[in-house]
1. Please give me the summed charge of the neighbours of residue B:83: other residues whose Cβ is under 14 Å from its Cβ, Lys and Arg +1, Asp and Glu -1.
2. What size of dipole, in debye to the nearest 20, comes out for the stretch B:112-152 about its Cα centre when the only charges are +1 on Lys and Arg C-beta atoms and -1 on Asp and Glu C-beta atoms?
3. Just from the alpha-carbon atoms, what are the Rg and Dmax of chain A in angstroms?
4. Where is the GNM fluctuation largest for chain B (alpha-carbon springs, 10 angstrom cutoff): B:70, B:82, B:247?
5. Lys and Arg at +1, Asp and Glu at -1: add these up for the other residues within a Cβ distance under 13 Å of residue A:12 and post the number.
6. What's the magnitude of the charge dipole for the protein assembly as shown around its Cα centre, counting Lys and Arg as +1 and Asp and Glu as -1 at the beta-carbon? Answer in Debye, nearest 20.
7. What is the spin-label model distance, in nm, from residue B:129 to residue A:276 if the labels are put 7 Å beyond Cα along the C-beta direction?
8. Using R₀ = 51 Å, calculate the FRET efficiency as 1/(1 + (r/R₀)^6) where r is the Cβ-Cβ separation of residue A:3 and residue B:143; round to 0.05.
Amino acid sequence: MLFYATTLDGLQMGLCFAVLALGVYISYSILDFPDLSVDGTFPLGGVVCTILMLKAGVPAILATALSFFAGFMAGVVTGVLHVKLKVSNLLSGIIVMTALLSVTLALTKLLTRNGQTTSIFSYRSESLDGLFGGKLFSSHGSGVKDYIVLGVLLVIVIAIKLLIDLFLKTKLGYMLKATGDNERLVVSLGKDPGMYKILGLAVANGFSAVSGALYSHLFMQYDNTSGSGKVVLALASVIIGITVFSRIRFIKDTTAVIFGAAVYSLCLNYLVLVDTNGIYLKLLNAVLFTLILVFNDRMNAVISGKTKMKRRVRR
Amino acid sequence: MIELKNIYKVFNAGTVNEMRLFNGFSFDVKAGEFVSIVGSNGSGKTTLLNIISGSIPINGGSVYLNGMDITEMSEHIRARKIGRVFQDPSVGTVPSMTILENLSLAENKGKPYSLGLAVNRRKCEMFRETVLKLGLGLEDKMDIPVGLLSGGQRQALSMIMSTMTPIDVLLLDEHTAALDPRTAETIMQLTDEIVKKNRLTVVMVTHNLRYAVEYGNRLIMMDKGQIVLHKNAEEKKETSVDDILHIFNDISIECGN
Ligand SMILES: Nc1ncnc2c1ncn2[C@@H]1O[C@H](COP(=O)(O)OP(=O)(O)OP(=O)(O)O)[C@@H](O)[C@H]1O
Ligand SMILES: [Mg+2]
């Protein structure tokens, strides 16, 4: 029974994180940019979405969509730091991530009645419904509710995936891919690769924020510390997805990344079963990530040479 | 067409590695000219092309294109008028994209890269015919990622991509150097064809003295950031590969190697 509940939980969280992973797929896989700012934009999305619902009465689904723009703006900052001010890619991400720690903390003041900063704001304390608290969800038994939540998340994730797939087929999408693969060609085509980097980072962090908003809905609370470890989680999801699932014929990278996020979240949740106090969770997490990286290397070594055409060439 | 006036270029200024390459260097190319540049390693040929294309900043002087001062213009804006093929075949294409996708990208140059679909299947036939003319068998590989093609095949593709849309100037930097002799010959002939058809102005750097003598209508030899030999169209017709080789060797001996 516990195992069953853990699995269901893991899948829900997995779909939530899939949105984040799809964003990081854009920055990491397509633009070849290891973007650490997602650690900051994830909680940013959560707090912006919560404020919009609580203070402006914006419907949950719209508030979630709007949180995209908060992440988008933060991504633009990361991009501008790197492209215009020539800060290295890792440091640009670290700068934005650090700055956002204060921004999100300042924003939580808007959530509490007395204007204090809190690290956790519970939706129930202000009888805020969120995306999954409404009648549709509560009128059924709790067993059914979990499946409805899962279904809604699935619809959202698939919609985002299809949107990204479509985008990557456009001229703009091609330029993004070209920027990650061969910047000099983009210059030859008369365009500034820096602009595409900024755009890609903005979109990636937009999705990170949406993911953070969904995460808040899922737990009926906004947690200011929810960003920590999201880079690792997202990278692990993307790498599992690309190495394991993308190899299967007819599975697009975006689909593979979703599977990757689901698998990784499940693994994390099962780790909680083992480590009930949660003390070693981050350590286990790090070990798991290392295993994935090593496995990724091995797989590449074994499979290179007879790679399917579909896998294309990766540097 | 291209005019370099009184160019100064210093690398690593103010350090022990300071290297003054160009000191008041001037050079101009008229519209429709095909200039071949030869010269020993480190003589400044690539740097010259980089200055024309805007890939590196200069310390003094000005660059004109079509009479317009482009000294302050960034590289990607200049690229709208200037095509370039590099020595390394992988620079001119996107390795993870297919031939069809690469050609589609290149064909859109000059227009906005918007949210329209990138690959227009109706143009596929046209692209196929373009690569068919190369005779490298690429027409059957339209959906294969360019990264899996050979260097020569990629270089041929780069050549086509950089000249697909109207440009004024074509810069070639040892673009046959990484290829086997037969493929190099093919690419060189293709270059000549494209240049003649589109009436391009060309600056070609090469270490192949025969190409330098055979192709183009001007020849320049560079050494230590200076032009040490200049043959115009008439003089060039009278020049043989051996003549150039002698001069080349003389300069090298003066340098003590
Ligand atoms: N980025 C740089 N930093 C420092 N020095 C440089 C740089 N680029 C070129 N140089 C120096 O400028 C000189 C000319 O280099 P350049 O690449 O133009 O030579 P080249 O004529 O193209 O030679 P090759 O035939 O080997 O390609 C060399 O001495 C080189 O060391
Ligand atoms: Mg060179």
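1. On the way: positive: A:184, B:78, B:80, B:81, B:84, B:109, B:197, B:199; negative: B:75, B:107, B:168, B:173.
Value of the local net charge: +4.
2. Working: 6 positive and 5 negative charges, 27 e Å.
With Lys and Arg at +1 and Asp and Glu at -1, about 120 debye.
3. Calculated on Cα positions, Rg and Dmax stand at 19.4, 63 Å.
4. B:247
5. Values: positive: A:145; negative: A:9, A:146.
The answer is -1.
6. Working: 56 positive and 46 negative charges, 300 e Å.
My answer is approximately 1440 debye.
7. So the two model labels end up 7.6 nm from each other.
8. Values: r = 45 Å, r/R0 = 0.89.
Approximately 0.65, to the nearest 0.05.
The values are calculated or read from the model by the stated rules, or taken from the named source; none is laboratory data. Everything quoted here is computed from the prediction, not taken from an experiment. Virtual Cβ from ideal backbone geometry, glycine too; neighbours counted across all protein chains shown. Please note that ligands, DNA and RNA were not included when accessible areas were found on the heavy atoms of the full protein model with its side chains. Shrake-Rupley method; radii C 1.70, N 1.55, O 1.52, S 1.80 Å.
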